[in-house]
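The values are calculated or read from the model by the stated rules, or taken from the named source; none is laboratory data. What you see is a predicted model, and the numbers here were worked out from it, not measured in a lab. Backbone-built Cβ (ideal geometry, glycine too); neighbour counts: all protein chains shown. With ligands, DNA and RNA removed, areas are computed over all heavy atoms of the protein, side chains included. Shrake-Rupley method; radii C 1.70, N 1.55, O 1.52, S 1.80 Å.
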Amino acid sequence: MDEESELIQPQDQSCWATLPDVCLCRVFWWLGDRDRSRAALVCRKWNQMMYSADLWRYRTITFSGRPSRVHASEVESALWYVKKFGRYLERLEVKFLNPYNAVLTKKFQVTMRGLLSCLSKSNNRLKSLSIQHLELDRLVWRNSIRSSFIRSLSFFLKKMGKHLDYLNLKGARLTVEQGCHILDSLSHLRNENVISELNIEDYFSHHLAVYSSPQFKKTMSTFHNLVSLNLNYNCISDELLENLCENASTLWTINIKCHIHDPHGQVIWGMSWAKLARQATNLKVNFYFERIMKYERLARILLQEIPVRSISLRSCYFSDPDWSMRPTLTDLLPTFRHTLQKLTFEFNNNHESLDEELHLLIISCRKLFYFKIWAFLDVRFVERILKSQKERQCALRTLKVRIYTNRYETNEEDRTLREIYRKYRKLIDSELSYFVIAYPMM
């Protein structure tokens, strides 16, 4: 028995020793930092794999907003990683989840200062940086802490801006002066930067009329290579659209969020959008409306010259008996029937029935492939859509419907929906990503 073991043992060792690098790298990919460090002690080959650049190109660092041992461990792990493997980093994502008090924001600021300083010295590969939802206008961010963090980030972007291709600062909530100061760092000692994807949605604090700021317009004029741009409607102006026209050949996507608390009464000329659409021939514009539902307001924003690809209208559970969705469905949205591909609705229409208007809108938009709605609807609305799909009056690939009801029990609606599914099961299974449910709104 001992002789057999001695014969088998070298063979087992050789199998591990000759494991292809691509397989070994894949194993290491799924390990956490601690497990990678332990695995690196197995043998020389595994230790060499620990230092493979492929393992360390992408990094997500999450800081907890609550004091805990886990939070302390995350901070230590982040600093250890940057010091040891930061030179390989190409894509960095930082998350700071709902800071509890000023002590934690201070600790985050100090940690980020060290992290960014170390990266700026050792790294020349970073292409993507994402630091989302900082909400720097909250009281837990004292002025001194906020100012120190902005200085650290600005200094980092001055050094790394020439390499960065993607920047996501969504939810930073800064003043116009602070926000422009950070963005200007990307073009330090130059008149332009190489950023192709920029996300500044909710980058500025609510209630700010950014569109009227000369400083913001000057800052945005340095972005000459944009392919994708995310921002709020309170940033949009004729001057901004003119700036985008100057280098529009690369521009493919503009995502615009319009929130009820953001100023959105500025006048934008249709000819400004028309000029941009002519210059950027591949441009698609996506709108996301939060609690802006009245026809008069929407009509000022959704001009017919805009190449709109998708529209999302969400009012959550807010209800206004004086408000009607019907004019928007029958008069405004059909204007974009030749370009609309995605529609998302979430509203409380308990005071009016909109089944017929919604059905006609879907049929009229021949390019529409995604339709999602949460509203008060008749259950048979779903059957009408499926019937139209079967008759090739529409070409949906995704259908998601939440049918609100005023009853606690939805047994009757559930039974009808099951019957509809059985009737169109073959169509649904072959063509649709399908989700339909009845939901009590009590």
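Numbers for the structure displayed
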{"item": "Under-5 Å amide H pairs with H163, H placed in peptide plane, nonlocal only", "result": "none"}
{"item": "Accessible surface of segment 15-55 [probe 1.4 Å, protein heavy atoms]: carbon and sulfur percent", "result": "62 percent"}
{"item": "Charge context of N349, other residues only, Cβ under 11 angstrom, K/R +1, D/E -1", "result": "-4"}
{"item": "Segment 188-255 and segment 103-168: distance between their alpha carbon centers, rounded to Å", "result": "21 Å"}
{"item": "Fraction in percent of alpha-carbon pairs per bin - 10 Å, segment 15-55", "result": "31, 64, 5"}
{"item": "Segment 58-182 shape via C-alpha gyration tensor axes, a/c threshold 1.5", "result": "oblate"}
{"item": "Segment 288-442 - convex hull of alpha carbons, volume per residue in Å³", "result": "96 Å³"}
{"item": "Formal net charge of residues neighbouring N286 (Cβ-Cβ distance under 12 Å; K, R +1; D, E -1)", "result": "+3"}
{"item": "Taking the chain and dividing mean pair separation by its residue count, relative contact order in percent (alpha carbons under 8 Å, at least six apart)", "result": "7 percent"}
{"item": "Rounded, prolate or oblate (a/c below 1.5 giving rounded, otherwise prolate when a/b exceeds b/c) for segment 226-321 by Cα gyration tensor", "result": "prolate"}
{"item": "Within the accessible area of segment 203-253 (1.4 Å probe), percent carbon and sulfur", "result": "53 percent"}
{"item": "Residue pairs, from the table K294/K390; K294/K342; K95/K294, whose Cα atoms sit over 27 Å apart", "result": "K294/K390; K95/K294"}
{"item": "Highest average packing first - 49-55, 191-197, Cβ atoms within 10 Å", "result": "191-197, 49-55"}
{"item": "Accessible area (Å², per residue) of the chain, counting only protein heavy atoms and a probe of 1.4 Å", "result": "51 Å²"}
{"item": "Karplus 3J(HN,Hα) series, Hz, for segment 339-348 with 6.51 cos²θ - 1.76 cosθ + 1.60 (x for Gly, Pro)", "result": "10, 5, 10, 9, 10, 10, 10, 8, 8, 9"}
{"item": "Simple label model, 7 Å out from Cα along Cβ direction - Y58 to R278, nm", "result": "4.2 nm"}
{"item": "Portion, in percent, of the accessible area of segment 330-442 that falls on carbon or sulfur, probe 1.4 Å", "result": "47 percent"}
{"item": "Rg and Dmax of the chain, Cα atoms only, in Å", "result": "26.8, 90"}
